[in-house]
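Just below is one structure, and these are the notes that go with it.
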Amino acid sequence: MDTIEIGIGEVVRRSGVPASTLRYYEERGLITSVRRRGLARVFETTVLEQLALIAVCRSAGFSLDEIALMFAPDGRPSPNRAMLAAKADELDATIRKLTSMRDDLRHAAACPAPTHMECSTFRRVLRSGEF
C-alpha cells in the first residue's frame, strides 16, 4: 500500500498545529518527517493521527515525555493503558478538589455570617489550606 505524503503547510492547515510546534515535536521525536521538499518538511498523512493523540494527551495533562511513551517505535499510536488509568485517577482527584473549592467559594459568597471570619465553614477552609 502506498503512503500518502503531505507538506508541512497542509499539516498545519488540517491539524491547526503551528509549523514551529511541528518542528519542535519532530525535534522531541514525537513525529517524523519523511523527507524535504526544498526546505519544507513532508510528512505521511498518519502524522495527523499522531497530532490528534498528542493534542488529547496534552489536554489531559500529560507531559511531552509521557506522550512520547504513547507511540510504538514505528510511530503508530500505542497508548499505555496503565498511564491512561493513572492519569484518569489524577483527574478524578483534581475534579474532587476543584468541586470542593467551588462549593466553598459559593458558600463564602452567600454565607449569612456577619463576616467571613465568623463563618465556621470559611474558618475550616482556611485551616485546611484548600483555597
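A quick yes/no check of all residues on (1) modelled with pLDDT of 85 or more; (2) within 28 Å of PHE62 (Cβ to Cβ); (3) in the same structural domain as ALA52 (by TED's automatic domain parsing); (4) not in a helix (DSSP H, G or I):
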site: ILE95; (1), (2), (3), (4): yes, yes, no, no
site: THR99; (1), (2), (3), (4): yes, yes, no, no
site: ARG102; (1), (2), (3), (4): yes, yes, no, no
site: HIS107; (1), (2), (3), (4): yes, no, no, no
site: PRO114; (1), (2), (3), (4): yes, no, no, yes
site: PHE122; (1), (2), (3), (4): no, no, no, no
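Within segment 11-46, the set of residues being more than 17 Å from ALA68 (Cβ to Cβ), of a type in the set (Ser, Thr, Tyr) and in a helix (DSSP H, G or I) comprises SER15, SER20.
Using the structure shown, decide if ALA40 is over 17 Å from THR3 (Cα atoms), within 18 Å of the chain's Cα centre (by Cα) and surrounded by fewer than 17 Cβ atoms within 10 Å (Cβ to Cβ). No: the conditions fail for ALA40.
The values are calculated or read from the model by the stated rules, or taken from the named source; none is laboratory data. The shown structure was predicted, so the numbers you read here are calculated from the model rather than taken from an experiment. Virtual Cβ from ideal backbone geometry, glycine too; neighbours counted across all protein chains shown.
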